[in-house]
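The values are calculated or read from the model by the stated rules, or taken from the named source; none is laboratory data. Keep in mind it's a predicted model, so treat the numbers as computed, not measured. So basically every Cβ, Gly included, is an ideal-geometry build from the backbone, and we count neighbours across all protein chains shown. Keep in mind that these areas ignore ligands, DNA and RNA; they rest on the heavy atoms of the full protein, side chains included. Shrake-Rupley method; radii C 1.70, N 1.55, O 1.52, S 1.80 Å.
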Amino acid sequence: MTLIARTLTAREIDSQPATWARALAGSTERARELLALPGARVLVIGCGTSAYLAESFAVLRERAGLGETDAAYASEPWPWRGYDAVIALSRSGTTTEVVAALEALPEGVRVIAVTGVADSPVAERADDVLLLDFADEESVVQTRFPTTFLVLARAALGEDVSGLPAQAEAALDAPVGIDVAAFTHFVYLGSGWTYGLAQEAALKIREAAQAWAESYPQLDYRHGPLAVADTRSLVWIFAEADAGLIGDIEATGASVIAGTHDPLVELVLAQRLAVAIAEQRGLDPDRPRNLTRSIVLS
């Protein structure tokens, strides 16, 4: 596979097919044990990328008929609803708001941590840990950790995702195919579980390339945000695209990409686009402005 750049972030993006294959080969049963929880009422929490993962997972688990599943930002108060288990998502396991949320839980609630670091504060406060240390990253910008979690989650919930590593590798082998200099405004649209992916894709653009990026539920895009679309806008749809909406977007002069791959593969390509935009702007995606690998507050 040809690397899109010699940055650390780019190498981690390109490593995803192999990381997904490793996860499916060695971690599927553990993920099924900790994530399916048939009949349980589950709350999933995280911050930043992990909050978007929580939203996607919540939709996937309910859609699979396994039980009520809510998602929440660990940094925001939420009403306690008598959950049987709380799943805490944190790549580093050190995020202050996640640790504080776990410490505030009622007695007797099962805590499951999904993290890349075994000896971390989040892992220490959990009853069970889904350890994805092989998917952990050196980069500040998260890429392979969140996608590996969602590949495993989908497998744990009964989906056949065995072909995804090969699909991702083939997609990454193709050229970017987008003139990044032609756009200053990037919009990602999703529906259901892919809305979390759309939010994550827009975050990658903001983090890595300091560019104007937005995300919305697909059909809500007409309800206001369409007003700022023009010839410098690129709108990427991760869900099954609504033909009428595509026409409305194109009428503004904006360019539309209606994804043809699995939504997770589309997210990988969006990650790669973020790096390409950063390079075009003379930025280093390994050193995003004002950001650190984990938010640890004093």
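Per-structure values
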read-out: Theoretical ellipticity at 222 nm over the chain - DSSP helices of four or more residues, -39500 (n - 2.57) apiece, nearest 500; value: -12000 deg cm²/dmol
read-out: Mean accessible surface per residue for the chain, computed with a 1.4 Å probe while every protein chain stays in place, in Å²; value: 41 Å²
read-out: Residues whose placed amide H lies under 5 Å from that of ILE257, excluding near-sequence neighbours; value: VAL235, TRP236, ILE237
read-out: Label of the coordinate-derived value, percent of Cα pairs over 26 Å apart, listed as (i) 46; (ii) 57; (iii) 43; value: (iii)
read-out: Whole-percent carbon and sulfur share, accessible surface of the range 172-290, 1.4 Å; value: 49 percent
read-out: Mean separation of Cα contacts under 8 Å, 6 or more apart, over the residue count of the range 167-297: relative contact order %; value: 31 percent
read-out: Whole-Hz couplings from phi, Karplus 6.51/-1.76/1.60, listed for the range 89-104; x for Gly and Pro; value: 9, 7, 4, 7, x, 10, 4, 4, 5, 5, 4, 5, 5, 5, 5, 8
read-out: Distance from the range 229-298 to the range 20-98 (C-alpha centre basis), Å; value: 24 Å
read-out: Virtual spin-label span in nm between GLU107 and PHE134, 7 Å along Cα→Cβ; value: 4.0 nm
read-out: The range 61-153: GluC sites (Glu not before Pro) in DSSP loop, at most 12 other beta carbons within 10 Å; value: GLU107, GLU138
read-out: Within the accessible area of the range 1-131 (1.4 Å probe), percent carbon and sulfur; value: 49 percent
